[in-house]
């Protein structure tokens, strides 16, 4: 940390979003995946696709789902007691993830939502620790820890 002038990711013609390459890792099973996550100022919590929980070795059926409200309506989520480690990765010049870890999020609950394909980094367990600056004219964003 800090993440300075990280390029916005094009998602449609004329539309780009702040997105970070992340590595999600289950320390219990030693399984991990790399994905592109949206930095979502409108999401209270971080949310990952339900199928990722299975890939990481979590057992969604062993956890009682709860209902939460999202921008898309009411959905069922599974929160697992094994909290994954989330590494924020550098972005290479070709737009792919690099090997350097810019920041690590440890011991934070992640909501795994069925029928969801997006990875969202929300305010409660990610953005509330940082200052986010988005510069749309330059198509970059920066994240840093607040000054004390």
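Regarding residue 78, is this residue touching a strand residue (DSSP E or B) at 6+ places or on another chain (Cβ under 6 Å), surrounded by 14 or more Cβ atoms within 10 Å (Cβ to Cβ) and part of a loop (DSSP other than H, G, I, E, B)? Please lay out each step first, then the result.
Working: touching a strand residue (DSSP E or B) at 6+ places or on another chain (Cβ under 6 Å): yes; surrounded by 14 or more Cβ atoms within 10 Å (Cβ to Cβ): yes; part of a loop (DSSP other than H, G, I, E, B): no.
Against the criterion (touching a strand residue (DSSP E or B) at 6+ places or on another chain (Cβ under 6 Å), surrounded by 14 or more Cβ atoms within 10 Å (Cβ to Cβ) and part of a loop (DSSP other than H, G, I, E, B)), residue 78 does not qualify.
Checking residue 95 against (1) more than 13 Å from the chain's Cα centre (by Cα); (2) under 18 Å from residue 3 (Cβ atoms); (3) not in a loop (DSSP other than H, G, I, E, B), only one condition comes out false. Which one?
(3)
Given the conditions (1) touching a helix residue (DSSP H, G or I) at 6+ places or on another chain (Cβ under 9 Å); (2) modelled with pLDDT of 85 or more, and given that residue 132 satisfies all but one, which numbered condition is not satisfied?
Only one criterion is unmet by residue 132, namely (1).
Have a look at 140, 86, 131, 63 and point out the one that is touching a strand residue (DSSP E or B) at 6+ places or on another chain (Cβ under 6 Å) and more than 22 Å from residue 21 (Cα to Cα). Walk me through it before giving the result.
Working: 140 fails: more than 22 Å from residue 21 (Cα to Cα); 86 fails: more than 22 Å from residue 21 (Cα to Cα); 131 fails: more than 22 Å from residue 21 (Cα to Cα).
Unique residue meeting the criteria: 63.
If we only count strands (runs of 3 or more DSSP E) wholly inside segment 1-72, which ones have 1 or more residues that are surrounded by fewer than 16 Cβ atoms within 10 Å (Cβ to Cβ)?
Values: elements: 3-7, 9-12, 15-17, 19-26, 31-39, 47-49, 66-70.
Correct list: 3-7, 9-12, 15-17, 31-39, 66-70.
Determine if segment 93-111 includes at least one residue that is under 30 Å from residue 62 (Cβ atoms), out of contact with any strand residue (DSSP E or B) (no Cβ under 6 Å at 6 or more places or on another chain) and surrounded by 13 or more Cβ atoms within 10 Å (Cβ to Cβ).
Within segment 93-111 (the criterion being under 30 Å from residue 62 (Cβ atoms), out of contact with any strand residue (DSSP E or B) (no Cβ under 6 Å at 6 or more places or on another chain) and surrounded by 13 or more Cβ atoms within 10 Å (Cβ to Cβ)), the answer is yes, since at least one residue qualifies.
Which of (1) under 25 Å from residue 103 (Cβ atoms); (2) touching a strand residue (DSSP E or B) at 6+ places or on another chain (Cβ under 6 Å) does residue 26 not meet, given it meets every other one?
(2)
Taking segment 81-92 only, how many residues are under 14 Å from the mean Cα position of the chain (by Cα) and in a loop (DSSP other than H, G, I, E, B)?
2
Going by the structure shown, is residue 56 modelled with pLDDT of 85 or more and within 20 Å of residue 5 (Cβ to Cβ)? Break it down into steps so the answer makes sense when it comes.
On the way: modelled with pLDDT of 85 or more: yes; within 20 Å of residue 5 (Cβ to Cβ): no.
The answer is no for residue 56.
The values are calculated or read from the model by the stated rules, or taken from the named source; none is laboratory data. None of the values given here were measured: they were computed from a predicted structure. Cβ atoms come from the backbone with ideal geometry, glycine included; neighbour counts cover every protein chain shown.
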